[in-house]
1. Name the residue that is nearest to ligand 2 (Cβ to nearest atom), counting only residues in region 43-59 that are outside any strand (DSSP E or B) and closer than 22 Å to residue 223 by Cα.
2. Restricting attention to region 333-359, which residues are assigned to a loop (DSSP other than H, G, I, E, B), on the phi < 0 side of the Ramachandran plot and surrounded by fewer than 16 Cβ atoms within 10 Å (Cβ to Cβ)?
3. If you take the residues of region 113-126 that are without any contact (Cβ under 8 Å) to a residue 40 or more places away in the chain and more than 9 Å from ligand 1 (Cβ to nearest atom), which of them is nearest to residue 236 (Cα to Cα)?
4. If you check 75, 105, which single one turns out to be within 22 Å of residue 262 (Cβ to Cβ) and either modelled with pLDDT under 95 or more than 9 Å from ligand 1 (Cβ to nearest atom) (or both)?
5. If you go through region 162-170 one residue at a time, do you hit one that is near ligand 1 (Cβ under 10 Å from one of its atoms) and over 18 Å from residue 76 (Cβ atoms)?
6. In region 64-90, how many residues are under 25 Å from residue 195 (Cβ atoms) and either in a loop (DSSP other than H, G, I, E, B) or out of contact with any strand residue (DSSP E or B) (no Cβ under 7 Å at 6 or more places or on another chain) (or both)?
7. Scan region 46-56 and give yes if some residue there is surrounded by fewer than 20 Cβ atoms within 10 Å (Cβ to Cβ) and out of contact with any strand residue (DSSP E or B) (no Cβ under 6 Å at 6 or more places or on another chain), otherwise no.
8. Only one of these is away from ligand 2 (no atom under 16 Å from the Cβ), in contact (Cβ under 8 Å) with a residue 40 or more places away in the chain, buried (at least 16 other Cβ atoms within 10 Å of the Cβ) and in a strand (DSSP E or B): 8, 33. Name it.
Ligand code: TXA
Ligand code: MG
């Protein structure tokens, strides 16, 4: 069944919050927010909205039919729990904790520093927890975040509902950082998208578990591991980073990994390590000239459909070290090359990552994407986590 998807404009500048955190808005923004609130208040209602990390696909976290509507719009496996988003600590205590339990002390310094912002914490599920089991998928913990984006906070505050909200992409696709990305994946599947411009962080929130001993980093994201240790106090000094889904020692990783995620349609080759990249890219293509079949190139030979996959158009995303000569080299070999810089700072690379992958894939429609990685410190931990999941092949430079 197809619905008409409306895209409504919203502007953070039109929103203000009073001392108790109550939101008010003016002009079109007010009208759009009101329409979104009325969708969310009906069972089964879902709305895509901007957050500072990525766009979310939100629904009332207290209502099972509403949460289920998220899973079906995304075609998301129903065993992956969702984050409940709140507008304030006051709302978290009143609506989610029902004034019956408190937020574990271990989180206090981190919430003081990073909320609102790109940090998600786990809280224990108790018999009083009103969050739908469709959201927690029967775990004994649930995830909560207070987004910083004024549109997200206003929507949650005006509806006075905790919103379950995964990233608003179709399952396995790169997360959306603009309303156009959401529309591409969700057109006809959801009734409304609030368009508040581009998400400025660009990767999802960091998910931490302070209930386990030692505490764990479950997903690297918009708050760095270094900052969690710096601001978290003694309890966070021995935080353990949960194992990434891909093993790191491999030089070439074959496709068909269990955790396909963030994936453009065109295969992604990730170059890890530092160097000018010329030899690595040259080795990848061997002596071949455009057009090539993926099956001609050893590193690509195991891609699905390699025999029939022709490569003539190559997208290159570089960061800090790769030489522009790579583009020349491939152009001389007859390939059509689209070379873009992801940026040089960690913040720029995070912000551009998903949008540039989508652009090469969906707009330029390249046959192959080559990406230069970065070291795994600060923003690099989240960036490389996303790139490894997006990549079909990883090559050490
Ligand atoms: O930045 C973000 O976090 C975005 C925006 C929209 O807020 N949301 C987001 O949601 O990325 P999603 O559903 O794509 O990712 C939620 C992550 C998943 O990796 C999920 O497995 C994990 O949080 N998660 C949720 N509840 C959990 C729980 N109780 N225990 C462990 N992991 C949990
Ligand atoms: Mg997601």
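The values are calculated or read from the model by the stated rules, or taken from the named source; none is laboratory data. Predicted model, so just to flag it, every value in this text is computed and none were measured. Because the Cβ atoms are built from the backbone with ideal geometry, glycine has one as well, and the counts that use them run over all protein chains shown.
1. Quick first cut of region 43-59, residues outside any strand (DSSP E or B) only: 43-46, 50-55.
Next cut, closer than 22 Å to residue 223 by Cα only: 50-55.
Values: 50: 15, 51: 12, 52: 15, 53: 10, 54: 7, 55: 10 Å.
Per the criteria, the residue is 54.
2. The first filter runs over region 333-359 and keeps only residues assigned to a loop (DSSP other than H, G, I, E, B), leaving 333-335, 342-345.
So of that shortlist, the ones also on the phi < 0 side of the Ramachandran plot come out as 333, 335, 342, 344-345.
Result: 344, 345.
3. First, pick out the residues of region 113-126 that are without any contact (Cβ under 8 Å) to a residue 40 or more places away in the chain: 115-116, 125-126.
Within this subset, residues satisfying the condition of being more than 9 Å from ligand 1 (Cβ to nearest atom) are 115-116, 126.
Working: 115: 17, 116: 20, 126: 24 Å.
Among residues in region 113-126 that are without any contact (Cβ under 8 Å) to a residue 40 or more places away in the chain and more than 9 Å from ligand 1 (Cβ to nearest atom), the one nearest to residue 236 (Cα to Cα) is 115.
4. Values: 105 fails: within 22 Å of residue 262 (Cβ to Cβ).
That would be 75, the only listed residue that is within 22 Å of residue 262 (Cβ to Cβ) and either modelled with pLDDT under 95 or more than 9 Å from ligand 1 (Cβ to nearest atom) (or both).
5. Step one: list which residues in region 162-170 are near ligand 1 (Cβ under 10 Å from one of its atoms), which gives 163-169.
In the following step, the residues that additionally are over 18 Å from residue 76 (Cβ atoms) were identified as none.
For region 162-170, residues near ligand 1 (Cβ under 10 Å from one of its atoms) and over 18 Å from residue 76 (Cβ atoms): absent.
6. To start, the set of residues in region 64-90 that are under 25 Å from residue 195 (Cβ atoms) comprises 66-67, 69-76, 82-88.
From what is left, the residues that are either in a loop (DSSP other than H, G, I, E, B) or out of contact with any strand residue (DSSP E or B) (no Cβ under 7 Å at 6 or more places or on another chain) (or both) are 71-72, 75-76, 82, 86-88.
Of the residues in region 64-90, 8 are under 25 Å from residue 195 (Cβ atoms) and either in a loop (DSSP other than H, G, I, E, B) or out of contact with any strand residue (DSSP E or B) (no Cβ under 7 Å at 6 or more places or on another chain) (or both).
7. Taking region 46-56 as the starting set, the residues that turn out to be surrounded by fewer than 20 Cβ atoms within 10 Å (Cβ to Cβ) are none.
For region 46-56, residues surrounded by fewer than 20 Cβ atoms within 10 Å (Cβ to Cβ) and out of contact with any strand residue (DSSP E or B) (no Cβ under 6 Å at 6 or more places or on another chain): absent.
8. Numbers: 33 fails: in a strand (DSSP E or B).
None of the other options fit; the residue is 8.
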